[in-house]
1. In the list 224, 243, which residue meets the criterion of being within 21 Å of the chain's Cα centre (by Cα), closer than 29 Å to residue 106 by Cα and not in a strand (DSSP E or B)?
2. Looking at 271, 267, which is the one that is under 26 Å from residue 405 (Cα atoms) and small (Gly, Ala, Ser)?
3. Among the listed residues 234, 213, identify the single one that is within 16 Å of the ligand (Cβ to nearest atom), of a type in the set (A, V, I, L, M, F, W, C), in contact with a Leu (Cβ under 8 Å, 6 or more places away or on another chain) and not in a strand (DSSP E or B).
4. Within the bounds of segment 254-261, is there any residue that is under 16 Å from residue 107 (Cβ atoms), charged (D, E, K, R), modelled with pLDDT of 95 or more and surrounded by 17 or more Cβ atoms within 10 Å (Cβ to Cβ)?
5. Mind listing whichever residues of segment 138-197 are in contact with a Leu (Cβ under 7 Å, 6 or more places away or on another chain) and either over 20 Å from residue 410 (Cα atoms) or modelled with pLDDT under 95 (or both)?
6. Of the residues in segment 123-153, how many are among the small types (Gly, Ala, Ser) and in contact (Cβ under 8 Å) with a residue 40 or more places away in the chain?
7. Confirm whether residue 11 is modelled with pLDDT of 90 or more, assigned to a helix (DSSP H, G or I) and of a type outside the set (A, V, I, L, M).
8. Considering only residues of segment 367-381 that are part of a loop (DSSP other than H, G, I, E, B) and more than 20 Å from the chain's Cα centre (by Cα), which is surrounded by the most Cβ atoms within 10 Å (Cβ to Cβ)?
Amino acid sequence: MAVHSKEEVLQSLDDQVFGASFLPHPLPKYRLPTQETDPAAAYQLVHDELLLDGNSRQNLATFCQTWVEPEVRKLMDECIDKNLIDKDEYPQMAEIEARCVHMLADLWNCPDAANTQGCSTTGSSEAAMLSGLAMRERWRKKQRQAGKPAAEPNLVCGPVHACWPRFARYFDVELREIPCQGNRLLMSPDEVLKRCDENTIGVVPTLGVTYTLQYEPVREVAMALDDLEEESGLNIPLHVDAASGGFIAPFIHPSLPWDFRIARVKSINASGHKFGLAPLGCGWAIWRSAGDLPEDLVFSVKYLGGNMRTYALNFSRPGGAIVAQYYNFVRLGREGYTKITRDCASVGMWVADQVKKLGIFELIYDGRGGIPGCMWTMRRGQNPGFTLYDLADRLRVKGWQVPAYPMPPNREDLVVQRVLTRFGLTRDLAGLLIQDMQNAVKHLTRNPPSKSLTRQSAGGYLHS
Ligand SMILES: Cc1ncc(COP(=O)(O)O)c(C=O)c1O
């Protein structure tokens with residue numbers, strides 16, 4: 001999306017050109033150039049522009065993987081010309097994708113991992129759309145069979161990632177999002193039940209809430225829905241948004257039941273490109289059984305002389321990230337993922353402890369029992385003369401991107417700051433971060449800004 005005003009762009013079309021000593025001629029920025037440019041010069045030009053982007057390794061806002069092994073780069077390069085949808089032309093890539101589906105189904109304790117359905121996606125957002133559509137279709141069919149109206153579906157969730165409101169708007173589903181209340185920043189079984197009725201297509205707990213990194217109580221919500229079914233006959237399925245947690249809980253919280261061990265969980269999504277350690281462009285949606293993915297949504301594509309079932313929002317798509325995901329599975333196995341995830345979590349707990357020692361913050365998530373990382377707010381009654389937005393701004397001077405943001409509806413008053421300790425943020429780098437935080441706090445205490453930054457003036461960023 002363009003970040004310039006229309007006037008700026010129009011002005012640019014006439015005025016703005018690239019000019020550099022290695023270029024044989026000035027190049028327009030907003031018009032297709034008339035002349036060709038030497039590849040080395042064109043490369044240098046684009047490469048130099050990208051220098052202005054933040055350094056992704058220091059971007060502690062993102063859940064996405066920013067460090068990969070050299071072998072992953074090689075495989076990505078080898079797959080650059082392979083289209084994942086061309087199952088007939090690239091059957092081995094299709095086979096690799098299918099193996100990943102079954103490995104994940106098994107990892108998430110699917111009762112029939114060898115025969116269930118699942119698909120790769122570009123990330124959890126696409127996986128959420130596909131899982132949401134499957135829920136809506138299953139519900140519609142059930143309503144029609146019972147001779148009941150099927151025009152007003154709703155979906156119940158806690159404070160979800162933006163992909164769910166998007167799903168709801170694009171696919172005409174009412175989103176019943178449970179707002180935060182006081183210290184309750186996640187969904188609770190009681191709040192879920194208050195919002196369920198016979199038009200509820202499903203409930204979506206998040207395993208690793210984007211705002212707080214904490215797990216929502218999947219098992220407790222499932223038990224409440226079991227009781228509801230017993231009392232009223234309403235049978236409401238669960239879909240778990242395990243964008244990050246799907247690649248964390250199996251390795252460091254193995255006794256936590258959140259997955260297909262719970263009979264009510266009919267589907268799960270996760271981002272391969274987050275704690276799955278694949279490069280960007282890899283997500284997964286897996287169903288409990290083949291029957292949980294409505295047949296009407298599945299298309300058949302010719303594959304090795306047979307037919308391959310596909311379920312996707314895209315058609316053409318690069319396959320490299322999926323191949324790299326498979327590489328990671330083969331390369332790391334359960335042992336490697338466990339080691340890496342445990343390390344990430346221990347760095348998160350260490351950062352949390354150091355942040356607490358700074359004395360002016362209150363931890364909201366201390367890195368224990370959820371996604372590797374931590375989250376804090378300014379200690380109640382504390383007025384150090386600067387805001388978390390000022391601190392985030394000051395840390396940018398050292399290249400660190402540590403977002404400050406308000407919590408979602410009902411607790412917008414609570415401004416927090418969050419760090420994700422992904423693979424690649426070593427204990428050594430985390431030590432440097434803490435040093436820079438100490439210095440930033442000292443600097444801001446000695447030189448309090450005359451006008452503190454706010455969400456608006458800081459140009460806040462939160463995400464993904
Ligand atoms: C809980 C949750 N769901 C979905 C998403 C979207 O994932 P993706 O960026 O892979 O589309 C995110 C991203 O951070 C997330 O945290």
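The values are calculated or read from the model by the stated rules, or taken from the named source; none is laboratory data. Just so we're clear, the structure is a prediction, and the values are computed from it rather than from any experiment. Every residue, glycine among them, receives a Cβ derived from its backbone with ideal geometry; neighbour counts consider all protein chains shown.
1. On the way: 224 fails: within 21 Å of the chain's Cα centre (by Cα).
That would be 243, the only listed residue that is within 21 Å of the chain's Cα centre (by Cα), closer than 29 Å to residue 106 by Cα and not in a strand (DSSP E or B).
2. Numbers: 267 fails: under 26 Å from residue 405 (Cα atoms).
Result of the check over 271, 267: 271.
3. Details: 234 fails: within 16 Å of the ligand (Cβ to nearest atom).
Selected residue: 213, the only one of 234, 213 that is within 16 Å of the ligand (Cβ to nearest atom), of a type in the set (A, V, I, L, M, F, W, C), in contact with a Leu (Cβ under 8 Å, 6 or more places away or on another chain) and not in a strand (DSSP E or B).
4. Step one: of segment 254-261, the residues under 16 Å from residue 107 (Cβ atoms) are 254-261.
Next cut, charged (D, E, K, R) only: 259, 261.
So of that shortlist, the ones also modelled with pLDDT of 95 or more come out as 259, 261.
The next check asks that each one be surrounded by 17 or more Cβ atoms within 10 Å (Cβ to Cβ); those that pass are 259.
Yes, that holds for at least one residue.
5. 168, 171, 173, 196
6. Here the count works out to 8.
7. Values: modelled with pLDDT of 90 or more: no; assigned to a helix (DSSP H, G or I): yes; of a type outside the set (A, V, I, L, M): yes.
Considered against the rule, which asks whether it is modelled with pLDDT of 90 or more, assigned to a helix (DSSP H, G or I) and of a type outside the set (A, V, I, L, M), residue 11 comes out as no.
8. Filtering segment 367-381 for residues part of a loop (DSSP other than H, G, I, E, B) gives 367-372, 379-381.
Narrowing further to those that are more than 20 Å from the chain's Cα centre (by Cα): 379-381.
Values: 379: 15, 380: 6, 381: 5.
Filtering segment 367-381 for residues that are part of a loop (DSSP other than H, G, I, E, B) and more than 20 Å from the chain's Cα centre (by Cα), the one surrounded by the most Cβ atoms within 10 Å (Cβ to Cβ) comes out as 379.
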